[in-house]
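The values are calculated or read from the model by the stated rules, or taken from the named source; none is laboratory data. As the structure is a prediction and not an experimental result, all values here were calculated from the model. Don't worry about glycine lacking a Cβ; one is built from the backbone with ideal geometry, like all the others, and counts go over all protein chains shown. Just so you know, the surface numbers come from the protein's heavy atoms only, side chains and all, with ligands and any DNA or RNA stripped out. Shrake-Rupley method; radii C 1.70, N 1.55, O 1.52, S 1.80 Å.
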Amino acid sequence: MNTSATMSVSHSSKLNKGVREQYMKLPQSKKVLVTYVWVDGTGEGVRCKTRTLDNEPKCVQDIPEWNFDGSSTYQAEGSNSDMYLIPVQMFRDPFCLDPNKLVICEVLKYNRKPAETNLRHTCNKIMDMVADNHVWFGMEQEYTLLGINGHPYGWPENGFPGPQGPYYCGVGADKVYGRDIVESHYKACLYAGVKICGTNAEVMPSQWEFQVGPCEGIEMGDHLWMARFILHRVCEDFGVIATLDPKPMTGHWNGAGCHTNYSTEAMRREGGLKHIEDAIEKLSKRHDYHICVYDPRGGKDNSRRLTGRHETSNIHEFSAGVANRGASIRIPRQVGQEGFGYFEDRRPAANCDPYAVTEALVRTTILNETSSETKDYTNN
């Protein structure tokens, strides 16, 4: 069967998985495999390495620090390449199963200062500062499945599928591609303890979305990064690629975002719409700052996506509206009717760092920062 779909998967995915299963069933005594997961020097990629512990860790504090070669992850020079891995959030391992663990790690340099792409470090401090506000987030991660050849999975090898319209939340072999991957990812996240709350096929064929939340404070970034890691690992097993590129296909195809739903305790109470409107007013005066931190390249990635077309706002203009998917900020219709709830920031790109996005929202709407520079609160 010589089709583009069968030809576009990796060689590793064609290995006999039944043979692997024979070894995976072997007992491991009381030993536990812990896989350390971290963000590499690109600010987009995830890396991992695994070690053995003598006993099952009951909490993240039971997992020791480790190290890695930062010169091979775009994070250090070869002459001084040791970087520290600091475990911060533990999950169950859906690949090697209980009692094995996955752990999100912060990365520190040789001098114990945060690595340049360790955006969690500052985000955690900011979230601690505003803990009394009980900030909740929910992030909608869009992604596109590609064959190993870089072409959208399931698309004609030398052409395009029909125009957008039948694919969003679609059902049927001619409407959606890769549902096995999506459902496997969903179950793996649930097993791991990731707060995944939904999934759906998106507007462009081979494009999907999953949602994580509600999460409070720093938990949002931890859970979304782990969900991304699990997605890449599941895709590895199936032999395809999940790209978070904000505009993987040029032309009349939707891009990929990471819409971020946000609320404080005051917004969720009766009369909270006033607090939502106040927050949107603050965001309107700091649009350029948010665009700069909403993708890893200071807005360059998002400039391909935020064109004012294909359910996006224009990158150069701030806008807000009820139930308006062409605005920077959308207030859900139900929130507008009930007078309390949350709002959705539709600007973050699919490849954004959730630590950067959530920190920026808090800095602008709660800490009342207004300039293009962020304030350092460490000496306060």
Check: If we keep just the residues of the stretch 21-58 that are open to solvent by less than 50 Å² (accessible area, probe 1.4 Å) and free of Cβ contacts under 8 Å to residues at least 60 places away in the same chain, which is nearest to MET226 (Cα to Cα)?
Finding: GLY45
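Across the stretch 311-340, which residue is nearest to THR243 (Cα to Cα) among those that are among the charged types (D, E, K, R) and part of a loop (DSSP other than H, G, I, E, B)?
Among them, the one singled out is GLU311.
Quick check on VAL212: is it of a type outside the set (D, E, K, R), under 30 Å from PHE340 (Cα atoms), open to solvent by 30 Å² or more (accessible area, probe 1.4 Å) and within 20 Å of the chain's Cα centre (by Cα)?
no
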Check: Exactly one of (1) of a type outside the set (Val, Ile, Thr); (2) in contact with a helix residue (DSSP H, G or I) (Cβ under 9 Å, 6 or more places away or on another chain); (3) open to solvent by 10 Å² or more (accessible area, probe 1.4 Å) is unmet by MET139. Its number?
Finding: (3)
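Which helices (runs of 4 or more DSSP H) does the stretch 244-310 wholly contain that include 2 or more residues that are without any contact (Cβ under 8 Å) to a residue 40 or more places away in the chain?
273-284, 300-303
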Next item on the list: Kindly establish whether SER284 is open to solvent by less than 10 Å² (accessible area, probe 1.4 Å) and hydroxyl-bearing (Ser, Thr, Tyr).
Entry: no
Item checked: Tally of residues being in contact (Cβ under 8 Å) with a residue 60 or more places away in the chain and part of a strand (DSSP E or B) across the stretch 59-104 -> 8
Checklist line | Which numbered condition PHE68 misses (of (1) more than 20 Å from ALA192 (Cβ to Cβ); (2) out of contact with any Asp or Glu (no Cβ under 9 Å at 6 or more places or on another chain); (3) not acidic (Asp, Glu)) | finding: (2)
Next item on the list: Could you tell me whether any residue of the stretch 323-344 is touching a Pro at 6+ places or on another chain (Cβ under 6 Å), in the same structural domain as GLU216 (by the TED database) and surrounded by 16 or more Cβ atoms within 10 Å (Cβ to Cβ)?
Entry: no
Next item on the list: Answer yes if at least one residue in the stretch 73-88 is crowded, with 20+ Cβ neighbours inside 10 Å, within 26 Å of VAL234 (Cβ to Cβ) and aromatic (Phe, Trp, Tyr), and no otherwise.
Entry: no
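Taking the condition in contact with a His (Cβ under 6 Å, 6 or more places away or on another chain), farther than 19 Å from ALA115 by Cβ, at pLDDT 95 or above and of a type in the set (Lys, Arg), does ARG346 pass?
Details: in contact with a His (Cβ under 6 Å, 6 or more places away or on another chain): yes; farther than 19 Å from ALA115 by Cβ: yes; at pLDDT 95 or above: yes; of a type in the set (Lys, Arg): yes.
Spelling it out, ARG346 is indeed in contact with a His (Cβ under 6 Å, 6 or more places away or on another chain), farther than 19 Å from ALA115 by Cβ, at pLDDT 95 or above and of a type in the set (Lys, Arg).
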Note to self: Please go through (1) of a type in the set (D, E, K, R); (2) assigned to a loop (DSSP other than H, G, I, E, B); (3) open to solvent by 50 Å² or more (accessible area, probe 1.4 Å) for GLU236 and return the number of the only condition it doesn't satisfy.
What the structure shows: (2)
Notebook entry, point to check: Counting only residues that are among the aromatic types (Phe, Trp, Tyr) and out of contact with any Asp or Glu (no Cβ under 6 Å at 6 or more places or on another chain), which one in the stretch 136-157 is nearest to ASP345 (Cα to Cα)?
Noted result: PHE137
Notebook entry, point to check: Are any residues in the stretch 188-223 assigned to a helix (DSSP H, G or I) and closer than 20 Å to ASN100 by Cα, and if so, which ones?
Noted result: ALA188, CYS189, LEU190, TYR191, ALA192, ASP222, HIS223
Margin query: List the residue pairs whose Cβ atoms are under 6 Å apart, where the first residue sits in the stretch 191-207 and is under 23 Å from ASP93 (Cβ atoms), the second is open to solvent by 20 Å² or more (accessible area, probe 1.4 Å) and assigned to a loop (DSSP other than H, G, I, E, B), and the two are 6 or more positions apart or on different chains.
Written below: TYR191/PRO94; ALA192/PRO94
